[in-house]
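Every number here is computed from the coordinates shown, using simple stated rules; none is lab data. Predicted, not measured: the structure shown is a model, and the values here were computed from it. With ideal geometry, Cβ positions are generated from the backbone for all residues, glycine too; neighbour counts draw on all protein chains shown.
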């Protein structure tokens, strides 16, 4: 059984990572938090868990792997501490707040031979796995444009660090939701060679309105939007191809203005559309806990040494795109990336 040291026990640590680790058969043996209420919650959720106040203390408990569910601004420094201690580490996205810092972490892990991965759980979404299947089957033909929106109606921000932090400390939608959106686009269509962005901070110190237009090495284009002030969210995903289009209107029970096209049940993942023709698409099975099952195989070995489920250089490329988006928005121009 994989023994996990979990750093942070707030919205991410308790709300996301803890249940996924349990479902994957891992055991949380130590939690790092200084918050009394979160300490009590960790003890209640994980009988026998050690609650410590520092990362150094957590590393001393001897976990098989450390999961960093801490604020994004400290990810790079904490990941480097795990690498120096020789302990495999899972970093919640983003790996760092910029590509240079992420590159330093990945190079250090490679030099030390310490397994490192990034929690890109959205690769195991049914919608992502379904779209991968459609592309592999050639159902859409050649992809012209990939559109994905992560829009929500939140005119009053939540009172938490992600909404209150500045960009340098990891706040805002660009480092939060766009690390998922860009990763999905790259996984589906390949590396990015050019970036155009429009960014705004309307209700929070960092971006709560972020649009990216990406050109991929393949020639396909991605239009990716994250917005907290969308009273009428657009369709979640639309992929236009030379043969057909794929449309998914709803996402995780978010309100939608497309009730006539909304998902019918858990097996429905959207529509294959060609003009007036519309065919329902079967959802490909998958669960975010599959990420941690793969981490357990990579860390504990057995039958060879499988790779970690997300290669850390992928996270560096995502941050290269986000860094370029900041430059693009500031200078109102397209930014080229060397590939």
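Summary of computed values
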read-out: Taking the chain and dividing mean pair separation by its residue count, relative contact order in percent (alpha carbons under 8 Å, at least six apart); value: 18 percent
read-out: As computed over the stretch 100-222, the Cα convex hull volume per residue (Å³); value: 146 Å³
read-out: Residue exposure sequence - 196, 246 - by fewest surrounding Cβ within 10 Å; value: 196, 246
read-out: Cα pair distances in the stretch 43-138, grouped into 10 Å bins until the bin that holds the longest one, percent each; value: 14, 38, 27, 16, 4, 0
read-out: Per-selection metrics, the chain (Cα): Rg and Dmax in Å; value: 20.1, 62
read-out: Relative contact order (%) - criterion: Cα under 8 Å, at least six apart; region: the stretch 93-207; value: 29 percent
read-out: Acute angle (nearest 10 degrees) that the helix 177-189 long axis makes with the longest principal axis of the chain, alpha-carbon atoms; value: 60 degrees
read-out: Rounded, prolate or oblate (a/c below 1.5 giving rounded, otherwise prolate when a/b exceeds b/c) for the stretch 3-93 by Cα gyration tensor; value: rounded
read-out: Potential extension, residue 3-residue 193 segment - 0.36 nm per residue separation minus Cα distance; value: 64.4 nm
read-out: Burial ranking of peptide ranges 138-148, 64-74 (average Cβ count within 10 Å, highest at the top); value: 64-74, 138-148
read-out: For the chain, calculated [θ]222 nm from helices alone, where every DSSP H run of n ≥ 4 adds -39500 (n - 2.57); value: -9500 deg cm²/dmol
read-out: Theoretical gain in end-to-end length, residue 40 to residue 57 [0.36 nm per residue, Cα-Cα removed]; value: 4.3 nm
read-out: Packing-based order for 224-232, 292-300, 314-322, 174-182, using average beta carbon neighbours within 10 Å, highest first; value: 174-182, 314-322, 292-300, 224-232
read-out: Added length on full extension, which subtracts the Cα-Cα distance from 0.36 nm per residue, residue 161 to residue 111; value: 14.7 nm
read-out: Cα centroid of the stretch 186-228 to Cα centroid of the stretch 110-143, whole Å; value: 18 Å
read-out: Mean separation of Cα contacts under 8 Å, 6 or more apart, over the residue count of the stretch 207-250: relative contact order %; value: 28 percent
